[in-house]
Amino acid sequence: MEYILSPSLLACDFSDIEQELQQLKEAGVEWVHLDVMDGHFVENISFGAPVIRSIRKKTDLFFDVHLMVVEPGRFIKQFAEAGANLISFHVEATDQVTETIDKIHSFGCKAGVVCSPDTDVEEILRYADQVELLLIMCVQPGFGAQTYLEQSTAKIARARQYLTANGLSTYLEVDGGVNMSTLKTVLKAGADVIVAGNAAFSGGNIVANVEALRKAGEKE
Ligand code: DX5
Ligand code: ZN
């Protein structure tokens with residue numbers, strides 16, 4: 001199945017970011033996933049808008065920004081101005097979901113809503129007709145290189161069924177623990193945007209990793 005690969009820069013070599021971005025282009029990738037962590041919503045800190053603004057100068061890749069922050073509405077403007085093309089945020093992080101979606105759209109970005117592993121997928125499906133992307137976390141948010149949680153498969157399948165039943169073309173993205181063996185499972189369940197951190201960057205051979213992921217997906 002044709003799917004969009006969105007490699008997560010969390011797993012890249014930040015000391016050589018320009019080269020890494022170049023390799024993604026060479027590999028034919030169109031999206032890049034940017035994980036923003038605030039040390040409150042998740043037990044980790046990554047990077048913020050200034051870093052994204054710098055990277056924006058080096059590439060024309062589609063910036064798929066995943067906010068793992070408390071009250072994301074406070075930061076939409078700065079991420080939009082830094083060059084985000086799509087901004088997704090967790091429904092667990094705010095009571096102002098519709099307002100935050102509207103804010104993202106008001107800055108000309110695509111919007112996405114995310115659910116963590118312990119959150120019922122219905123909590124994001126209710127916004128499916130208001131956003132361009134639904135994101136299902138397949139690991140606890142906060143860290144790369146974790147193991148895919150099997151319970152995610154049923155959530156992906158349910159989301160695909162809902163989108164089909166309602167005639168929606170909303171992207172269905174999955175994030176966490178996707179590698180050569182779990183890729184088939186998530187594609188079969190109905191995902192069409194795949195985040196890959198470790199699987200895309202491990203060993204530093206990005207072009208070969210992306211090619212292998214593409215081949216593995218073709219059979220599904
Ligand atoms: C985790 C992040 C993921 C992570 C994925 O909180 O949202 O995007 O980087 O990494 P892998 O693909 O290695 O599980
Ligand atoms: Zn992510």
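The values are calculated or read from the model by the stated rules, or taken from the named source; none is laboratory data. As the structure is a prediction and not an experimental result, all values here were calculated from the model. In this analysis, Cβ positions are derived from the backbone assuming ideal geometry, glycine residues included, and neighbour counts consider all displayed protein chains. Side chains are part of the model used for accessible areas, which takes the heavy atoms of the whole protein and leaves out ligands, DNA and RNA. Shrake-Rupley method; radii C 1.70, N 1.55, O 1.52, S 1.80 Å.
So here's what we get for this one:
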quantity	calculated
Taking all pairs of distinct alpha-carbon atoms in the chain, Kirkwood radius in angstrom	17.1 Å
Residue 127 accessible area, 1.4 Å probe, all protein chains in place, Å² to nearest 10	40 Å²
Among 175, 16, 118, residue whose mean-square fluctuation peaks in a GNM of the chain (springs only between Cα atoms under 10 Å)	16
Nonlocal amide H pairs with residue 110, under 5 Å, H built at 1.01 Å	86, 87
Ranking by accessible area, most exposed first, for 15, 152 with a 1.4 Å probe	15, 152
Phi-based couplings in Hz for the range 159-176 (Karplus 6.51, -1.76, 1.60; Gly and Pro marked x)	5, 4, 4, 5, 5, 5, 4, 9, x, 9, 9, 3, 5, 10, 9, 10, 8, x
Fraction of beta bridges assigned by DSSP in the chain that are antiparallel (%, nearest 5)	5 percent
In sequence order, calculated HN-Hα J values of the range 193-202 (Karplus, 6.51, -1.76, 1.60; Hz; x Gly/Pro)	10, 10, 8, 9, x, 4, 5, 8, 10, 4
C-alpha center-to-center spacing [the range 116-161, the range 24-81] in angstrom	19 Å
Karplus 3J(HN,Hα) series, Hz, for the range 68-82 with 6.51 cos²θ - 1.76 cosθ + 1.60 (x for Gly, Pro)	10, 9, 6, 6, x, x, 5, 10, 4, 4, 5, 6, 5, 5, 6
Sorted peptide list for 206-218, 186-198, criterion being average Cβ within 10 angstrom, highest first	186-198, 206-218
Cα→Cβ-extended label distance, 7 Å offset, between residue 71 and residue 30, nm	3.7 nm
For residue 58, residues with placed amide H under 5 Å, excluding near neighbours	none
Long-range amide H partners of residue 90 with built H, under 5 Å	69, 114
